[in-house]
Each structure stands twice: as structure tokens, then as C-alpha cells.
Amino acid sequence: MVVPSRTARALAQALACLLVLAAFAIAAPGARADEAPSPDTALARLLDEARAGIPGACAAPDADRLVRVLCAGSIRVGVRADYPLFAAGAVRSGYEIDLARAIADRLGVGAELATVKSSNRIALLAEDRIDVAIATMGHTTLRDGQARFVRPHYYRSETVLVGPRELAVTSWADVAGRTVCVTIGNGSNAELSSHGARLMLFESPEQLLDRLRADACSLIAQDDSFFAASFADPAFASLYDRKLGFAPVPWGMAVAQAGGERLARALALTSQIFHRDGVFLDIARANHIATGFFEEQQAIWHRPECDTATGSANPSCVLPPLASDLGPTRVADRVAAAEAWLSQRTGITLSLPMLKTMPAWRMFRTGLINSLVLVAGAIASTLAFALAFGAALGARERFLRLAVRLLTVALQSSPIVLTLVIAAALANAIASYSSPVALAASILALGLTNGSYAGQAISEATLTLRAEAASDPAGGRDLFLRAVRRSATQIMAFVINATKGTPIASFIGAPELLSALTDISSFSSERATTYWILLIFYTAVVILVVWLCTALRSFLERRGVPT
Amino acid sequence: MMSLIDHLSPDFLGRLLAGMALNFAIAGTALALGLALGVPLALARVSGGLAGAASALVVTFLRAAPTFVVMFFLLNVVPREMSLFGTALSLSGTTAVALSLVPYSTAYVADSGAEALRQLRLGSTPAALLFLPNVARAFFVLVMSSSAGAAIGVTEGITVILRQAERLPALGDRLALFAVGILCFGATLQAGFAAVNLLRRHLNRVALRRLTVQPGPYRTESP
């Protein structure tokens, strides 16, 4: 028998340690897999669990959405019908259509496609009329509270401004004061508005293209994905180009908040697999969509820390939603409660977005104040220009009379919209565009137009008084003052006209109430109550001005001043 | 001026004329609807009593409604697709502009119509006939007001001018183009008013001739 030496024993112990370590090393991956299985395993397990209860669970009133999809044998997918390359055409085709079908296949059910719009896709989820929305929906922090978004995202877009090639727009400074045509509810509208753009609202992206081609809109804003098909057309690309890109936003599938947890989980795992295996990439290629995002995502989902069942919860693997929280006002809850109370008691749907979020409230308050400033300014400038035109047109100097007469004819021959644009162009040539400049230009234009008419009335009264003075030697005294009194009715009519015209100032970017409420509507998607408030406000202001004019006239008559 | 001509699109004139034709079409529609609504209001006004008071109240509100706000209200609150007596109607931007002018045209027709009816009762046919030139004047005011359509993407005359102006690099060229716009609309307006005056004079002559040839029952009454 050979007794092992100390060295040999030490070697044997070291070898044993190595073998144990090797055994641990071999066993370790298996242990990791037990803790976080692959997304494929997790998805199979989730579907097996859901199917296990079928058909018994199908009749349960509290069955979750995944069980109901499996019971029905089909998934109801909300898709767009008007989004070229993504979801369009009488025979539905596009990236999102193919995606919906691929997901249904993976879940082992059929795909039942339902048309949704940007304005109703979240509501249809909440009303249980669709199971999932795959409908060009950007994932924002604001929408996170309205629907359950699936991550990883299946696409990422950014908003781009598109306009005629000859239009020089290269920075935000060039956008300020310009009209940009947008779709209601687009998350990037608030950013456009914050850069001084005037928003013109439309229902659908197709309307934007129509208006661009008809030259009714010089700039349109929409997701870059929407323009992909248009820029593929050489005729379109030769006329229009992309001016600016901003607000990148990931697109997510979304399911309902209530009962949608397991369906969202199944879709998240499916999306992980689709990114990793290049399914999204292949579908994008087949639909001629730019593949940069998909290639980037495929690399991410191949990474070991992402390619696990918990990868979709790993912040280093998924994209964050676009931060669009608007911050509630202090009375937001009470306003919401009042809206609900009114709806329950009377059936009237009242929505007051301008009182619920801080940016909307600030816009509303500023718009209200600016409107009142504008009305006061328009009245004052109308009166001032009326006196100036009246004095000049009734002057004895022929040259002065002729010059002012020509100006009056020009002002009266110009539609008020054009007069406002000319005033804004001249004002912007002197000072760079800003809200006060736009307000001042509007006050000037409204005063000039209405003052020219009122001034003409004063000058005509001056002429009649001069004729009367010829037969009455005392009649020539205080001629101008008496002419003003004689034409008081006309002056008041044009003061009222100026008040009625103040909302037109929004056309050149004056930040009055119409402009503010249009901006609020563009991101809140609420319009009915908003425009009722606008109509009531301006009608009330006009009625108030009429009443004040009448009261002033009565007061002067009582004081013995003939009008 | 040569610089401006160089920069203008070749089809600018054609598009401007087409745009102005749309201004006329909008004004015509607004006036037709204004007549349809305003004449009954005028009849109610002169009939007095409760109907007269109700008519006056309605006209007060119609007069106070700002056209521009009404246009945005119609566009954003009224459904785009609707049915009236079984007929499907679609609210386009052009229709919204025309309808937004209806409160003004209705109030104007109601006021002028009521005055004409009063003059007729007093036996002053020439004064009553002033209703026609007044309506014609309203038409030209409506043509000018229809330019508000530029704010909602309707391709009327002013929209064509503004889009062209955006593509002109120099302020001087833009102002020259605006002057062309004023000339186009101004010439239309002034020609319209001249025609209105001719019509008024003609109606006066006709009325006087009738009164001379065929003395009516009111001839002996005081005016």
C-alpha cells in the first residue's frame, strides 16, 4: 500500500475543489434559468395556465382578458384604416395589420380587426369593444394612466414638420407666428404651440395632406411614419421636404387597465421574442418601413440581461414613455367630480380641460386677459383713428384730404384678414415676432379698418354741418366736435364691429382666447364645451359693449349733449 | 415689381381667380340662407306683439355673434356628417364659412326687410325698394368677410395670396403681392358698390315713373 504524500494529498484536495467549482459552474446557468426563464418558456407557461381553466373559466364574469381571448378563439385588434404603410386600404394592409396577425398566430387565436381612430382608440379599450389597440399610438406618461401599454414597443416615430421646398423653415425661430396644420390629440401639439406656432386643427392625417396639396396649409405636422408613403412618391418629394423633427415617441400596443394584466404580459413576452428573432424587422421590411429602430431593438433583445422573462421590466432594455404629464391644477379633482355629477344628474357631458391641467389653465387665463386687452385696445384705437381720419378727411388742405382718402379706400377695400397680415408683416419687420407684437399689430389693424369707416362718417357730418353753417353764421363754431356728435351712431356701430372682429387677431398669432382654446383642444382632444365657452364669451363681450355704448349715449343725452 | 413677377408661380393667377370665385360662392350661399331666415324675421318684426319681440331678441343675438368665432364653433362642435330630413349633409370647411356668415346676413336682411316693409305700409315704394340695393351691398360685404376661411384651410382668394406670399423672400415683394390682393378685392367691392348705386337710381326712376303714370292709393297720404 502506497501512502500518499502530503503534496499528493494537497493536489487531490485542490482537484476536488476544482471539480466542485466546475460542477457549480455547470449548474449555474440552470439555476439562472430557474430564476428567470426565457421569454419563450414564460409565454408558453402563461398560455398553458390560462388555457387550463378553459372552458370552465369562460363563463366566469371576472375572467380576465387573456382567458376571454382564448375562449373566443380570436383577439379583437383595434387598427387604423387611414395610415399608409401601417394600416390602410379597403383590403387592410400594412405593418400594423401584419403585426396584429402575427401576434394572433403566436397566441394561437384568430385576429378580428376593428377600425379605430386616434380620438376613440383608448375609449374603445375601456368599453371592452376591442382587446388590444395596435393603432399608431404613442406611449406617453399621460396615456399611461388611461391604458396599459405593452413593452417593448413595436415602433418609434418622431413628429416632423413638412412643407413646400421653397419655404425657408430651418429652426423653431422660423416656426413662430406661422400656421401649422395638425391633427387633434397629437401629443406633440403642445410643443409646437410652446414655440409660437398657430395651430389649425384637423381630424385626420389625410386631411393634412389634402390641405398641403391645396396650398391651404403651408406647414403640416405629423409622425414621420405617416409621411413615409408620401415621400416614396417622387412627385411629392420633389415639391415638399421635411423641415424639422421633434418629440420622438415610442409606439405601444395597449390593452385595457381593467382585467388586462395577463394579456399585456403575453403581448410583452411575444414582443420580446419578435424583436429578438427579427419578426418585427421582417414585417417592417415587407412593408417598406425604415428599419433602423428594429435593428437597434434586435441587438438589445439579444443581450442576456434582456432576453429573459423579466426583460420587459428592465429599464436598460425598454424605452421610457414620452414625458407628457401636464400637471393637474389644485381644483382638478373637484372639476372632475362636478363634471361627473352633472353627467349623472342631467346627462349633459361637460368637459373643462382648461381647469384640469396647469398648462391649459395658464393658457386659458392668459387668453382671457389678452382678449380683454385686445377688446379695450381695439375700441380705443378705433376711436382714435376715427377722430384722426375724420379730422383729416374734413380738413381744408386738399393734399391731406386726398392722401387720407386714398388710404381710406385701400383700408376699406382690404379684407380684414389681409389687413391683419400686412400689419403683422410690418410689425415683424420692425420687431421680432412675439405675443405683444402680435397683439399690438392686431389692435392697430382693427383700429385702422374700423376707424377709417367711422372717420368717413365724421367727415361726411362735417360737410353737412359746413353746408348748414353757410346759411347760419353761428353754425361754424365747434364744427369738428359737432360732427363727432352727429356721427355718434356710426362711430358706435364701428366700435361694436371692432369688438366683434377681435377674435380674428388669432389669425396672426395674437394669444387671445380663441387661440388659447384652440391650443388646449389640440392636446386635450375636447372641443364641444371649449368652443361653447368661446362663443358665449365673445357674444357676451359684444353684448356688453353694445350695452355700454347705449348707456353712454343715454348719459350724454341726459347731460344735454346732443348725439 | 419685376422681382415679384419672377417669383410668382405660373398658375398663381388661375388659382387666385378660382379662389375669388369661391369667395363669391360662399357669399351667395350665406346671402341665400340669410334671405330665407331674415325675411320671416322681418315679417314677424313688423307684425309687432310677441312675435315682434321674439324676432327682435333673435336678431339682437344674431347681430352680436362674432363671425370668426361662429366659424370655429361650427367646425368644432357640429358633427361633420349629419342627416337633415333624411338627406345626408357634410360640413366642409367651405360650408362652415358660409354658415358662419348666416347670422350676419340674417340680421341684416331682417333689419333692412323690416324697414322696407314699414316704408311699404307708409306708401313709399322707392324707399321700400332700397331693400334690393341694401341686399346687394350686403353681398359684397359677405364676399370680403368670406376671406375668414383662410383661418380654417379653405382655399379662397386670400389663402392663395397668403400662401404665395410665404414663398417670397423679400418683404417688399410680399407687400407688393398684398397690394395686388387689395386691388383685386377692392376693384370687386368698388365695382359692386357702383352697381348697387346704379341699381338704386334705376329703381328710384322706375318708382317715380309708376307713381306719375298710375297714382296709387297712398299718393294722397302723407309720407
Among all residue pairs at least 6 apart or on different chains, which show Cβ distances below 7 Å where the first residue, located in the range A:490-510, is of a type in the set (Phe, Trp, Tyr) and the second is part of a helix (DSSP H, G or I) and surrounded by fewer than 24 Cβ atoms within 10 Å (Cβ to Cβ)? A:Phe494/A:Tyr453
So is A:Val109 closer than 24 Å to A:Glu49 by Cβ and in contact with a Ser or Thr (Cβ under 8 Å, 6 or more places away or on another chain) or not? yes
Considering (1) farther than 30 Å from A:Ala429 by Cβ; (2) touching a His at 6+ places or on another chain (Cβ under 8 Å), say which one A:Thr141 fails and leave the rest. (2)
Residues that are in contact (Cβ under 8 Å) with a residue 24 or more places away in the chain, within 23 Å of A:Arg165 (Cβ to Cβ), part of a helix (DSSP H, G or I) and at the interface with another protein chain (Cβ under 10 Å from one of its Cβ atoms): does the range B:138-160 have at least one? yes
Answer yes if at least one residue in the range A:239-258 is in contact with a helix residue (DSSP H, G or I) (Cβ under 6 Å, 6 or more places away or on another chain), in a helix (DSSP H, G or I) and crowded, with 20+ Cβ neighbours inside 10 Å, and no otherwise. no
Exception for A:Ala133 within (1) without any contact (Cβ under 8 Å) to a residue 12 or more places away in the chain; (2) under 25 Å from A:Pro39 (Cα atoms); (3) within 21 Å of the chain's Cα centre (by Cα) falls at (1)
Tell me whether the range B:68-84 contains one or more residues that are in a helix (DSSP H, G or I), free of Cβ contacts under 8 Å to residues at least 60 places away in the same chain, farther than 30 Å from A:Leu513 by Cβ and more than 12 Å from every other protein chain (Cβ to nearest Cβ). no
Which of the residues spanning the range A:377-396 are closer than 19 Å to A:Ala440 by Cα and of a type outside the set (A, V, I, L, M)? A:Gly377, A:Ser381, A:Thr382, A:Phe385
Quick one: would you say B:Leu57 is closer than 27 Å to B:Phe139 by Cβ and loosely packed, with under 12 Cβ neighbours inside 10 Å? yes
Could you tell me which of the residues A:Leu239, A:Leu267 is touching a residue at least 12 places away in the same chain (Cβ under 8 Å) and assigned by TED's automatic domain parsing to the domain that holds A:Ile122? A:Leu267
Step by step: first the residues of the range A:527-537, then only those that are free of Cβ contacts under 8 Å to residues at least 60 places away in the same chain and within 9 Å of chain B (Cβ to nearest Cβ), then the one that is surrounded by the fewest Cβ atoms within 10 Å (Cβ to Cβ). Which residue is that? A:Trp532
Looking at the structure I just gave you, is A:Thr366 assigned to a helix (DSSP H, G or I), surrounded by fewer than 23 Cβ atoms within 10 Å (Cβ to Cβ), over 25 Å from the mean Cα position of the chain (by Cα) and not aliphatic (A, V, I, L, M)? no
Within the range A:514-526, can one find any residue that is modelled with pLDDT of 90 or more and of a type in the set (Phe, Trp, Tyr)? no
If we ask which residues in the range A:283-295 are free of Cβ contacts under 8 Å to residues at least 12 places away in the same chain, touching a helix residue (DSSP H, G or I) at 6+ places or on another chain (Cβ under 9 Å) and part of a helix (DSSP H, G or I), their number turns out to be 1
Given the criteria without any contact (Cβ under 8 Å) to a residue 60 or more places away in the chain, surrounded by 14 or more Cβ atoms within 10 Å (Cβ to Cβ) and polar (S, T, N, Q), does A:Gln298 qualify? yes
Being in contact (Cβ under 8 Å) with a residue 60 or more places away in the chain and hydrophobic (A, V, I, L, M, F, W, C) is the filter; apply it to the range A:68-87 and report the residue that is surrounded by the fewest Cβ atoms within 10 Å (Cβ to Cβ). A:Leu85
Scan the range B:161-212 for residues that are of a type in the set (S, T, N, Q) and either free of Cβ contacts under 8 Å to residues at least 24 places away in the same chain or within 11 Å of another protein chain (Cβ to nearest Cβ) (or both) and jot them down. B:Gln164, B:Thr188, B:Gln190, B:Thr212
What are the residues in the range A:491-526 that are surrounded by 23 or more Cβ atoms within 10 Å (Cβ to Cβ) and outside any helix (DSSP H, G or I), if any? A:Gly509, A:Ala510, A:Pro511, A:Glu512
Given the condition of a type in the set (Val, Ile, Thr), within 13 Å of chain B (Cβ to nearest Cβ) and assigned to a helix (DSSP H, G or I), answer yes or no: does some residue in the range A:478-486 qualify? no
Can you tell me which residue is surrounded by the fewest Cβ atoms within 10 Å (Cβ to Cβ) among those in the range A:263-293 that are closer than 18 Å to A:Thr41 by Cβ and touching a Phe, Trp or Tyr at 6+ places or on another chain (Cβ under 7 Å)? A:Arg276
Across the range A:55-75, the tally of residues that are more than 13 Å from A:Gly108 (Cα to Cα), touching a helix residue (DSSP H, G or I) at 6+ places or on another chain (Cβ under 6 Å) and not basic (Lys, Arg) stands at 4
Against the conditions (1) more than 14 Å from chain B (Cβ to nearest Cβ); (2) modelled with pLDDT of 90 or more, where does A:Leu418 fall short? Just the number, please. (1)
By residue number, the members of the range A:78-105 that are on the phi < 0 side of the Ramachandran plot and within 25 Å of the chain's Cα centre (by Cα) are A:Gly78, A:Val79, A:Arg80, A:Ala81, A:Asp82, A:Tyr83, A:Pro84, A:Phe86, A:Ala87, A:Ala88, A:Tyr95, A:Glu96
Would you be able to tell me the number of residues in the range B:1-23 that are modelled with pLDDT of 80 or more, assigned to a helix (DSSP H, G or I) and more than 13 Å from every other protein chain (Cβ to nearest Cβ)? 3
Sort through A:Ala102, A:Ala111, A:Ala135, A:Ala123 and tell me the only one that's in a loop (DSSP other than H, G, I, E, B) and of a type outside the set (Ser, Thr, Tyr). A:Ala135
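The values are calculated or read from the model by the stated rules, or taken from the named source; none is laboratory data. Just so you know, these numbers come straight off a predicted model, no measurement behind them. Cβ: placed from backbone, ideal geometry, glycine included. Neighbour counts: every protein chain shown.
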